[in-house]
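S.K.: Let me begin by handing over the structure; questions about it come next.
The values are calculated or read from the model by the stated rules, or taken from the named source; none is laboratory data. Since we're looking at a predicted model, the values are computed, not measured. Cβ coordinates were reconstructed from backbone atoms using ideal geometry, including for glycine residues, and neighbour counts include every protein chain displayed.
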Amino acid sequence: MAEQNEQHLLELRGVHKRFGAVNALNGVDFHVDVGHVMALVGDNGAGKSTLIKCVAGIHTIDDGEVLWAGEPVSIHGPKDAARLGIEVVYQDLALADNLDVVQNMYLGRELLSTLRRLDEARMEKRSREVLKELSVTTIQSVRQTVASLSGGQRQSVAVAKAVLWNSKLVILDEPTAALGVAQTQQVLDLVRRLAEQGLAVVLVSHNMNDVFEVADHITVLRLGQNVAEFTTKDTNQREVVEAITAGQLHSVPGMQEEALA
Amino acid sequence: MTKVFRRLAEGDLGVVRVILVIALIWIYFQANNSHFLTAVNLTNLTLQTAGLGMISVGVVLVLLLGEIDLSVGAVSGLAGAVVAVLNVKHGWAAAPAILAGIAVGAAIGGAQGAIFAKIGVPSFVVTLAGLLAWQGMLLVVLGKTGTVNITDPGIVDLANKFFSHAIGWIVAVGVVAAYAASNLSRRRRRQAANLPVPSLVAVAVRIGLVAAVTFAAILVFNADRGLPLAVVILLGFVIVFDAITLRTVWGRHIFAVGGNAEAARRAGIKVDRIRIGVFALASALAGCGGILLASRLLAVNQSSGGSDTLLLAIAGPVIAGTSLFGGRGSIWSAVLGAVVIGSITNGIDLLSYPSSTRLLVTGAVLLAAVIIDALTSKRRRAVGR
């Protein structure tokens with residue numbers, strides 16, 4: 001395939017992460033490309049959360065390599081990840097209900113004008129632009145509090161917040177888990193637009209319909225190992241589910257063999 | 001019209017609601033005693049509310065965090081006592097004594113805030129311990145005499161000095177001009193950024209209302225003894241802290257921590273630092289309030305900052321719409337709440353009802369305010385879904 005000749009935006013090679021005796025990640029290879037949506041699927045405990053937390057800098061990897069645009073990098077904290085252009089939208093969204101849309105989008109990175117005052121006009125303008133670029137049209141006013149928004153609108157705000165920072169890679173953790181049908185569609189459209197705008201997107205999801213609707217590629221994790229990678233248009237849901245539940249492991253947990261020795 | 005009612009019901013117009021309540025209280029007392037709305041009595045009313053309002057400014061900051069500070073009454077008494085004892089017994093000049101009193105407040109608040117933020121003891125418990133301890137410390141500082149009378153004009157003037165008519169008008173014109181300038185420049189900045197702006201008429205109406213209230217107040221003050229220094233001090237603090245909470249990063253982060261501390265932490269906000277800073281500031285402001293109260297009483301005694309000081313200082317902002325659950329409210333609620341409570345106290349004294357009536361009425365108003373707060377936030381949630 002063509003994109004394999006190009007450099008991946010983010011590439012993990014043989015990444016290990018242990019928590020005491022538990023091998024949460026056991027030699028995982030993973031990559032995501034600019035302009036593509038990579039779905040990360042797997043059963044509970046497969047290591048999806050650990051993997052994205054390693055990329056986000058919340059966990060530090062024990063072994064293996066992380067490459068960003070082909071260059072080896074080490075991510076030791078959320079700040080390192082943010083500097084590279086990696087933003088994560090967690091399932092709980094981390095929005096403050098009592099603040100409005102603009103205030104949430106700039107929380108912790110407020111713009112200042114003279115005399116160290118908040119530059120509300122500039123922040124509001126940029127927030128409107130980002131929401132417009134993402135075609136988020138359902139939010140009537142960027143000055144309404146997040147408490148008054150629907151679940152899908154909140155998700156849109158959280159995604160827009162991530163995009164605001166010229167990020168290159170956006171990781172979405174179960175973005176549709178708490179949403180109804182119409183709002184799920186809103187969010188999936190938004191995910192697609194992120195990729196069309198030239199961002200790399202990682203979508204963590206349990207929902208096969210969502211995955212097949214928006215993902216270009218699918219990486220399947222099982223018991224801390226990646227057991228399969230599919231191109232969405234060349235596979236079907238049955239194949240993916242099979243890999244999730246019975247994908248072939250290169251080492252069996254509990255046995256002390258070193259897979260990548 | 002129905003739109004106005006809906007916004008009232010949803011709590012958007014919290015300030016208007018409180019002003020309506022104040023108007024009702026004033027109409028009731030005026031109907032029952034024609035002395036209530038005289039210049040002398042209204043001036044007394046503002047002097048009575050200044051100390052409590054100052055303590056409430058700090059309380060609002062703590063409430064915005066979603067925390068509570070039960071020690072503000074005791075700290076206000078202790079700070080007043082420190083100032084009085086240093087000034088009277090140790091011969092310190094007024095200014096350094098006052099600064100020492102405020103510094104004692106800030107240190108106490110910083111310590112309580114650190115115990116809450118770093119060790120994780122609930123603020124309710126830390127400040128409850130403070131309430132007891134600082135009352136004890138007040139007795140220690142006052143020593144055997146129990147009462148210290150203040151005569152130094154540097155302290156007495158704070159609550160007993162009045163400005164001349166001319167200065168009153170100059171202050172009023174300055175306040176209105178500054179308000180108009182800030183409104184117009186904000187409108188201009190939004191216009192420059194191609195954002196929707198309020199119509200010039202709406203801005204003019206707002207400025208006109210503020211001007212009307214300001215000039216009416218000066219007319220009333222000048223019909224009596226003049227603009228009181230205590231009012232200038234209190235409103236100065238309120239305007240400064242209102243700007244800090246609404247226009248600075250630090251203020252924004254207080255709201256964020258009060259609304260969702262975990263989101264604030266993930267946004268890179270140093271939550272502990274915000275909490276400790278707010279508690280330190282709240283206690284320092286309680287100290288300022290205590291100094292105003294001491295100045296008005298011309299003395300500090302063993303009951304300074306005791307009895308219902310704490311409860312009224314917290315009840316005021318809540319009556320005026322600041323939420324007990326964090327993240328919602330404004331510095332102005334400190335003043336408006338103090339005016340509601342002060343009006344009830346003043347009016348009931350005028351009608352020479354017993355103080356049991358005062359407590360019952362204030363309690364009922366507080367309960368009504370909290371119920372309205374609960375109902376409006378419920379309604380807001382319902383509308384939001």
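S.K.: Go through region B:182-203 and report how many residues are surrounded by fewer than 14 Cβ atoms within 10 Å (Cβ to Cβ), more than 14 Å from chain A (Cβ to nearest Cβ) and either of a type in the set (D, E, K, R) or not in a loop (DSSP other than H, G, I, E, B) (or both).
M.R.: The number of residues fulfilling the criteria is 3.
S.K.: Moving on to the next point. Out of the helices (runs of 4 or more DSSP H) lying entirely within region B:233-341, which hold 1 or more residues that are at negative phi, within 14 Å of chain A (Cβ to nearest Cβ) and acidic (D, E)?
M.R.: Qualifying helices (runs of 4 or more DSSP H): B:261-266.
S.K.: Continuing with this model, one more query. Inspect all residues belonging to region A:122-140 and state whether any of them is without any contact (Cβ under 8 Å) to a residue 40 or more places away in the chain, on the phi > 0 side of the Ramachandran plot and out of contact with any helix residue (DSSP H, G or I) (no Cβ under 6 Å at 6 or more places or on another chain). Step through it out loud before you land on a result.
M.R.: Just the residues of region A:122-140 that are without any contact (Cβ under 8 Å) to a residue 40 or more places away in the chain, to begin with: A:122-132, A:137, A:139-140.
When the remaining residues are screened for being on the phi > 0 side of the Ramachandran plot, the result is none.
Checked against the condition, which is being without any contact (Cβ under 8 Å) to a residue 40 or more places away in the chain, on the phi > 0 side of the Ramachandran plot and out of contact with any helix residue (DSSP H, G or I) (no Cβ under 6 Å at 6 or more places or on another chain), region A:122-140 yields no hits at all.
S.K.: Just to be sure I understand, how many residues within region A:193-208 are among the polar types (S, T, N, Q) and either closer than 12 Å to A:A177 by Cα or buried (at least 21 other Cβ atoms within 10 Å of the Cβ) (or both)? Break it down into steps so the answer makes sense when it comes.
M.R.: Looking only at region A:193-208, we keep the residues that are among the polar types (S, T, N, Q), and these are A:197, A:205, A:207.
Imposing the further condition that a residue be either closer than 12 Å to A:A177 by Cα or buried (at least 21 other Cβ atoms within 10 Å of the Cβ) (or both) reduces the set to A:205, A:207.
Residues meeting the conditions: 2.
S.K.: While we're looking at this one, here's another question. Within region B:372-384, does at least one residue satisfy the condition of being acidic (D, E), touching a helix residue (DSSP H, G or I) at 6+ places or on another chain (Cβ under 9 Å) and more than 14 Å from every other protein chain (Cβ to nearest Cβ)?
M.R.: Taking every residue of region B:372-384 in turn, none turns out to be acidic (D, E), touching a helix residue (DSSP H, G or I) at 6+ places or on another chain (Cβ under 9 Å) and more than 14 Å from every other protein chain (Cβ to nearest Cβ).
S.K.: Considering (1) in a helix (DSSP H, G or I); (2) surrounded by fewer than 21 Cβ atoms within 10 Å (Cβ to Cβ); (3) among the small types (G, A, S), say which one A:S141 fails and leave the rest.
M.R.: Here A:S141 clears every test but (1).
S.K.: Next question. Does B:G347 meet the test of being surrounded by fewer than 17 Cβ atoms within 10 Å (Cβ to Cβ), away from chain A (no Cβ under 14 Å) and either in contact with a Phe, Trp or Tyr (Cβ under 6 Å, 6 or more places away or on another chain) or assigned to a loop (DSSP other than H, G, I, E, B) (or both)?
M.R.: In short, no.
S.K.: Quick test of your reading of the structure: B:I170 fulfils all but one of (1) of a type outside the set (K, R); (2) crowded, with 16+ Cβ neighbours inside 10 Å; (3) under 26 Å from the mean Cα position of the chain (by Cα). Name the failing condition by number.
M.R.: (2)
S.K.: Considering B:A107, B:A97, B:A111, which residue is among the aliphatic types (A, V, I, L, M), over 16 Å from B:C288 (Cβ atoms) and part of a helix (DSSP H, G or I)?
M.R.: On inspection, the qualifying residue turns out to be B:A111.
S.K.: Related question: Among the residues of region B:335-360, write down those that are at pLDDT below 90 and among the hydrophobic types (A, V, I, L, M, F, W, C).
M.R.: Matches in region B:335-360: B:L359 only.
S.K.: Just to be sure I understand the filter: pairs with C-beta atoms under 7 Å, separated by 6 or more residues or on different chains, first member in region B:166-186 and in contact (Cβ under 8 Å) with a residue 12 or more places away in the chain and aromatic (F, W, Y), second member surrounded by 14 or more Cβ atoms within 10 Å (Cβ to Cβ) and part of a helix (DSSP H, G or I). Which pairs pass?
M.R.: Taking only residues 6 or more apart or on different chains, the pairs are B:W169/B:I218; B:Y179/B:I207; B:Y179/B:V210.
S.K.: Among the residues of region B:294-303, is any modelled with pLDDT of 95 or more and either among the hydroxyl-bearing types (S, T, Y) or more than 16 Å from B:V148 (Cβ to Cβ) (or both)?
M.R.: Yes, there is a match, as at least one residue in region B:294-303 is modelled with pLDDT of 95 or more and either among the hydroxyl-bearing types (S, T, Y) or more than 16 Å from B:V148 (Cβ to Cβ) (or both).
S.K.: Same structure, new question: Is it the case that B:G109 is in contact (Cβ under 8 Å) with a residue 24 or more places away in the chain, closer than 14 Å to B:L78 by Cα, touching a Phe, Trp or Tyr at 6+ places or on another chain (Cβ under 6 Å) and surrounded by 14 or more Cβ atoms within 10 Å (Cβ to Cβ)? Talk me through it step by step, then tell me what you get.
M.R.: Values: in contact (Cβ under 8 Å) with a residue 24 or more places away in the chain: yes; closer than 14 Å to B:L78 by Cα: yes; touching a Phe, Trp or Tyr at 6+ places or on another chain (Cβ under 6 Å): yes; surrounded by 14 or more Cβ atoms within 10 Å (Cβ to Cβ): yes.
Yes: the conditions hold for B:G109.
S.K.: I need a count of the residues in region A:86-118 that are buried (at least 18 other Cβ atoms within 10 Å of the Cβ), more than 17 Å from B:A263 (Cβ to Cβ) and either among the small types (G, A, S) or more than 8 Å from chain B (Cβ to nearest Cβ) (or both).
M.R.: So the count comes out to 1.
S.K.: Turning to a different aspect of this structure: Tally the residues that are surrounded by 17 or more Cβ atoms within 10 Å (Cβ to Cβ), part of a loop (DSSP other than H, G, I, E, B) and out of contact with any Cys (no Cβ under 8 Å at 6 or more places or on another chain), restricting the search to region A:75-85.
M.R.: Qualifying residue count for the region: 1.
S.K.: Related question: Suppose we filter B:G91, B:G73 for residues that are of a type outside the set (D, E) and buried (at least 24 other Cβ atoms within 10 Å of the Cβ); which single one remains? Talk me through it step by step, then tell me what you get.
M.R.: Numbers: B:G91 fails: buried (at least 24 other Cβ atoms within 10 Å of the Cβ).
Exactly one of B:G91, B:G73 is of a type outside the set (D, E) and buried (at least 24 other Cβ atoms within 10 Å of the Cβ), namely B:G73.
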